[in-house]
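A short write-up of the structure that comes next.
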Ligand code: ZN
């Protein structure tokens, strides 16, 4: 197994300070939390930003600010979201790719999202993949459903995404596929040969269990307030770093090393490598 890559999704689009007062919201708070997560062992930061009212935004200037504040502190790999938030237009969502981050998420299909839904048609996905290719941004092919894995094959077949492929398997979104290790295994077996993957279990229990799934099946882990605000049942996490620290401990107990940003750049052939 290669070294364990830990991604930290520090903010996301859904969580509020009411849910967990430790949530970073302003670019300054996000950068400070990202730096702490990096010091704890995260090598990729999955980045969302918020406007002055704390609402999700894909505003390019806000992304620029957060990215430069993170960059000032450390050389962690930055993966911007192009999922954005429910109800945003594709054009809106795609904006931060223009900043040429090393990585970006690319949602591979439509899915229930609680009472709402995330829409990604094949033409939207193709447009996102071409823009990422044009800007030399490595996509994380986010799959919330098995059909999304097959939809990603369309992008690959058309040459819009090139190897090495990195998948983000997002399980346990309300209204989507539940997390269990058998389901994760089923997904993993259907990825193109040689693909790398990171599993994201949404919610406290699924998030923790997904770390064991990653260790068992040879994938990477994602932690952070976007996916889960708890440390344990009913106990709010104190920080993103606290969740990274636990992922690091589990990985080391299992006898694996933790990847640093240089390892990630080499493995996923990022532009910074
Ligand atoms: Zn996200």
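Please treat every number below as a calculation from the coordinates, not as lab data. Predicted model, so just to flag it, every value in this text is computed and none were measured. Note that we place each Cβ from the backbone using ideal geometry, even for glycine, and neighbour counts take in every protein chain shown.
Test of understanding: in a Gaussian network model of the chain with alpha carbons linked when under 10 Å, which of 169, 215, 141 would top the mean-square fluctuation ranking?
With Cα springs under 10 Å in the chain, the top fluctuation among 169, 215, 141 is at 215.
Can you give the convex hull volume of the alpha carbon atoms of region 92-163 per residue, in Å³?
85
Summing -39500 (n - 2.57) over the DSSP H runs of n ≥ 4 in the chain and dividing by its residue number, what mean residue ellipticity at 222 nm do you reach, to the nearest 500 deg cm²/dmol?
-11500 deg cm²/dmol
Under 1.5 on a/c is rounded, so check that first for region 61-130, then, if it is not, pick prolate when a/b is larger than b/c and oblate when it is not; a ≥ b ≥ c are the square roots of the alpha carbon gyration tensor eigenvalues.
Cα axes put region 61-130 in the prolate bin.
At q = 0.14 Å⁻¹, what base-10 log of I(q)/I(0) does the Debye formula yield for region 125-189 when every alpha carbon is treated as an equal point scatterer in vacuo?
Debye curve over Cα of region 125-189, log10 I(q)/I(0) at q = 0.14 Å⁻¹: -0.43.
By DSSP, what percent of the beta bridges with both residues in region 1-103 are antiparallel, rounded to the nearest 5?
Around 20 percent antiparallel, to the nearest 5.
Of 226, 162, 79, which has the largest mean-square fluctuation in a 10 Å C-alpha GNM of the chain?
Between 226, 162, 79, it is 162 that shows the largest mean-square fluctuation.
Contact order normalised by length for the chain, with contacts defined as Cα pairs under 8 Å and 6 or more residues apart; what percent is it?
23
At 4 °C and 1.567 mPa s, grab the translational diffusion coefficient of region 58-100 from Stokes-Einstein with a Kirkwood Rh over Cα pairs, rounded to a whole number in µm² per second.
118
Just to confirm my numbers, what's the Cα centroid distance between region 145-184 and region 72-103 in Å?
Their Cα centres are 19 Å away from one another.
Which of these, 247, 214, 151, has the largest mean-square fluctuation under a Gaussian network model of the chain (Cα springs below 10 Å)?
151
Ordered by packing density, taken as the mean number of other Cβ atoms within 10 Å over each peptide's residues, highest first, how do 234-241, 5-12 rank?
Output ranking for 234-241, 5-12: 5-12, 234-241.
Take the Cα pairs of region 206-273, get the Kirkwood Rh, then feed it into Stokes-Einstein at 20 °C and 1.002 mPa s and tell me D in µm²/s.
The estimated diffusion coefficient comes to 163 µm²/s.
Quick one: the Cα spread of the chain along its three principal axes, in angstroms, biggest first?
The Cα atoms of the chain stretch 44, 41, 41 Å along their principal axes.
How much of the DSSP beta bridge set in the chain is antiparallel, as a percent to the nearest 5?
Close to 20 percent.
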